[in-house]
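Visitor: I have a structure here, written as structure tokens, and I will follow up with some questions on it.
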Amino acid sequence: MFRTLALALALLSCAPLFAQTGQQPLPRAKFQASMAAEFSQIDADKDGVLTKAEVDTSQKAAIEARMRARSTALFTRLDADKNGQISAAEFAALPTTAPRPDASAFLRLDLNKDGKVSAAEHETGTTASFNRIDANKDGIVSLAEAKAEATPSR
């Protein structure tokens, strides 16, 4: 389970970086800088420790932002006649489920199980994930390596 959770977090963390670099290889330094920035963003009280509440708040805000963006895009797509309104027929096509925050990433990173994730725990977990994904150990995660890691082994 730890491996799956670590992989999920690492791949989720890599996705925006690959998008920024046009799916070019991802150097360790860029990955670590991104993870440090993510940690800093989540650490609301700037005490160098992530609490479950801070992670939950961050995940909730990210989900809400994605939902707002999806809602806007969906409205635009469903408003077939572009009149700024959705008819009953258009409304019937709306999805009814919403994503829920995932606490598993927090639990995986909380190495000492004290209910908090320190900067050191965050760096240890994300660096371990990076190193595992970096199959050829060149300090760069290529898109192929990320995809290979994401492919479930049988």
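The numbers here are math on the coordinates, done by the rules we state, and not lab data. Being a predicted model, the structure only gives us computed values, none of them experimental. We place every Cβ from the backbone using ideal geometry, glycine too, and count neighbours over all the protein chains shown.
Visitor: Spin-label point model (7 Å from Cα, Cβ direction): what's the Gln85 to Glu123 distance in nm?
Guide: Taking the two extended label points, one gets 5.8 nm.
Visitor: Let me ask something additional. Tell me, what ³J(HN,Hα) does each residue in region 34-43 have, in order and in whole Hz, if you take phi through Karplus 6.51 cos²θ - 1.76 cosθ + 1.60 with θ = phi - 60° and put x for Gly and Pro?
Guide: 5, 5, 5, 5, 5, 4, 4, 5, 6, 6
Visitor: A further question follows. Under the rule of at least 5 residues apart or a separate chain, name every residue whose amide H is placed under 5 Å from the amide H of Leu50.
Guide: Answer set, sorted by chain and number: Val117, Ser118, Ala119.
Visitor: Return the subset of Lys30/Lys137; Lys46/Lys113; Lys30/Lys147; Lys30/Lys116 for which the Cα-Cα distance in this structure is over 27 Å, preserving the input order.
Guide: With Cα atoms farther than 27 Å apart: none of Lys30/Lys137; Lys46/Lys113; Lys30/Lys147; Lys30/Lys116.
Visitor: Still on this model: Provide the FRET efficiency to the nearest 0.05 for the Lys46-Arg68 pair, computing r from the beta carbons and using R0 = 30 Å.
Guide: 0.70
Visitor: Determine the gain in length on full extension of the stretch Ala148-Thr76; use 0.36 nm per residue of separation and subtract their C-alpha separation, reporting nm with one decimal.
Guide: 22.3 nm
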